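Student: Below you will find the structure I want to go over with you.
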Amino acid sequence: GDSVVVYEAVDEREEAEWAVGVVHQLLLSGYRPRDIAILYRTNAMSRQFEEAFMQAAIPYRIIGGVRFYERAETKDMLAYLRLLHNPADSLSARRIINKPPRGIGKTTVERIEQMAANEGMGFLQACRKMAESDQLRPQNRQALSSFLQLIDDLREDAQQLSLSELAKAVAEKTGYLQWLRASSKADDQMRADNVEEFVNLAADFEKREPRADLASFLEYVALMTDVDEAGDIGDAVALMTLHAAKGLEFAAVIICGLEEDLFPHERSMGSEEELEEERRLCYVGITRAKERLFLSHCRYRTIYGHTTERLPSRFLKELPREHVQIEGVGLFTPSSASRAEGRRHRRIDVVDILDAGRPSDRTTKKTESTKRTKKVTNSQAPALSLIHI
């Protein structure tokens, strides 16, 4: 069959654009969206692909998980930022007043809401008045006063810090990220990864919008959330973690993020047994593909707001070279950081790695005539943003 395509992207944003480009060409070749899956190691990685698919108007659905903007931790981080931007946002204040738990219980919240309703004031304003009253026990007043001081401090930070620095300050000064990391629950570790990805979202927005501020960021997220909530479409590209892909098969599979400390994951490095489990997981992902397989990794990746150079996964280097087709900067050939930097802002061109002919049979092996189909030339390549299903 076809060779395995390995693509080295400059960064995660280009990786997502490339993946969407691959999907675009597969659709032109006769595949249906439901024939295609994008797999990744951690749930937090879905955000880049979700945004790229939304912008390209290609239907997608999250398998075994929740879309990024619908996740509770994403909504919590947004609630903090919305409250900093608009102290009169009572819905956001109610959402995060006890997240993470800070000793402000349900009874206290109900009393605050009652005061706000009786005196016609906002929730946060009622918090300030309640903190000075004798309606609460001393420990509850202290907890409420500490929360109000936290919000005041973060509002000062909002006047001085960049957008990504503010997002990181919210994650850390509120104790939200530490609360999740300290948990022994696997789900909470995944939620912590999503909080860090939210910081990456703010950093990514800064790169795209030189004059980015909190107001424009919140407007952008509101737009993405509206698109995200439009609902799943039946015939859609599947996005999922490698764990969720067990037992499933697709005609074409794209596995992204094959880098050291990501896949294999950094938490597996201390144990040979866990490292072998990562290798088995990689094998599971590879064998989900019935006809076409694409693997990618990044030269640079932003982790918690910081961009660092990455090493290709050892699993890529274990592939038999004769069955691998290299694209992008180049995994197996020397390349310089300056060459990668020069490609950072150019448009992705993936037309040389996919055939344009319609497969003659989706359920049987390709015929020789299909294999000989000419590749699309650069002049025939459609813009990624024009595909509509």
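The values are calculated or read from the model by the stated rules, or taken from the named source; none is laboratory data. Every value quoted in this text rests on a predicted model; they were computed, and no experiment measured them. Please note: Cβ atoms are built from the backbone with ideal geometry, for glycine as well, and neighbour counts cover all protein chains shown. Surface areas here come from the heavy atoms of the whole protein model, side chains and all, with no ligands, DNA or RNA. Shrake-Rupley method; radii C 1.70, N 1.55, O 1.52, S 1.80 Å.
Student: If residue 52 satisfies every condition in (1) open to solvent by less than 40 Å² (accessible area, probe 1.4 Å); (2) under 30 Å from residue 326 (Cβ atoms); (3) in contact (Cβ under 8 Å) with a residue 40 or more places away in the chain; (4) in contact with a helix residue (DSSP H, G or I) (Cβ under 6 Å, 6 or more places away or on another chain) but one, which is the exception?
Tutor: With (1) open to solvent by less than 40 Å² (accessible area, probe 1.4 Å); (2) under 30 Å from residue 326 (Cβ atoms); (3) in contact (Cβ under 8 Å) with a residue 40 or more places away in the chain; (4) in contact with a helix residue (DSSP H, G or I) (Cβ under 6 Å, 6 or more places away or on another chain) applied to residue 52, the lone miss is (3).
Student: Checking the condition within 15 Å of residue 102 (Cβ to Cβ), surrounded by 15 or more Cβ atoms within 10 Å (Cβ to Cβ), modelled with pLDDT of 95 or more and among the hydrophobic types (A, V, I, L, M, F, W, C), which residue from 144, 136, 201, 161 passes?
Tutor: Matching residue, one of 144, 136, 201, 161: 144.
Per-residue answers, yes or no, for (1) of a type outside the set (Ser, Thr, Tyr); (2) open to solvent by less than 10 Å² (accessible area, probe 1.4 Å); (3) at pLDDT 95 or above:
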site: 173; (1), (2), (3): yes, no, yes
site: 186; (1), (2), (3): yes, no, no
site: 192; (1), (2), (3): yes, yes, yes
site: 197; (1), (2), (3): yes, no, yes
site: 209; (1), (2), (3): yes, no, no
site: 220; (1), (2), (3): no, no, no
site: 225; (1), (2), (3): no, no, no
site: 238; (1), (2), (3): yes, yes, yes
site: 258; (1), (2), (3): yes, yes, yes
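Student: Which residues, taken from the stretch 149-175, are part of a helix (DSSP H, G or I), touching a residue at least 12 places away in the same chain (Cβ under 8 Å) and not charged (D, E, K, R)?
Tutor: 150, 151, 154, 158, 163, 164, 166, 167, 169, 170, 171
Student: Related question: Here is a list of conditions, (1) assigned to a helix (DSSP H, G or I); (2) crowded, with 21+ Cβ neighbours inside 10 Å; (3) of a type in the set (Gly, Ala, Ser), and residue 215 meets all of them except one; can you say which number that is?
Tutor: (2)
Student: What residue, of 69, 80, is touching a Phe, Trp or Tyr at 6+ places or on another chain (Cβ under 9 Å) and over 23 Å from residue 5 (Cβ atoms)?
Tutor: Going through 69, 80 in turn, the sole match is 80.
Student: How about the stretch 106-115: which of its residues are surrounded by fewer than 21 Cβ atoms within 10 Å (Cβ to Cβ) and touching a helix residue (DSSP H, G or I) at 6+ places or on another chain (Cβ under 9 Å)?
Tutor: 107, 109, 111, 113, 114, 115
Student: Whether any residue in the stretch 70-93 is open to solvent by less than 10 Å² (accessible area, probe 1.4 Å), hydroxyl-bearing (Ser, Thr, Tyr) and at pLDDT below 95 is what I want to check.
Tutor: no
Student: Can I ask one more? Please indicate, with yes or no, whether at least one residue in the stretch 272-290 is open to solvent by 70 Å² or more (accessible area, probe 1.4 Å) and not in a helix (DSSP H, G or I).
Tutor: Checked the stretch 272-290: at least one residue is open to solvent by 70 Å² or more (accessible area, probe 1.4 Å) and not in a helix (DSSP H, G or I).
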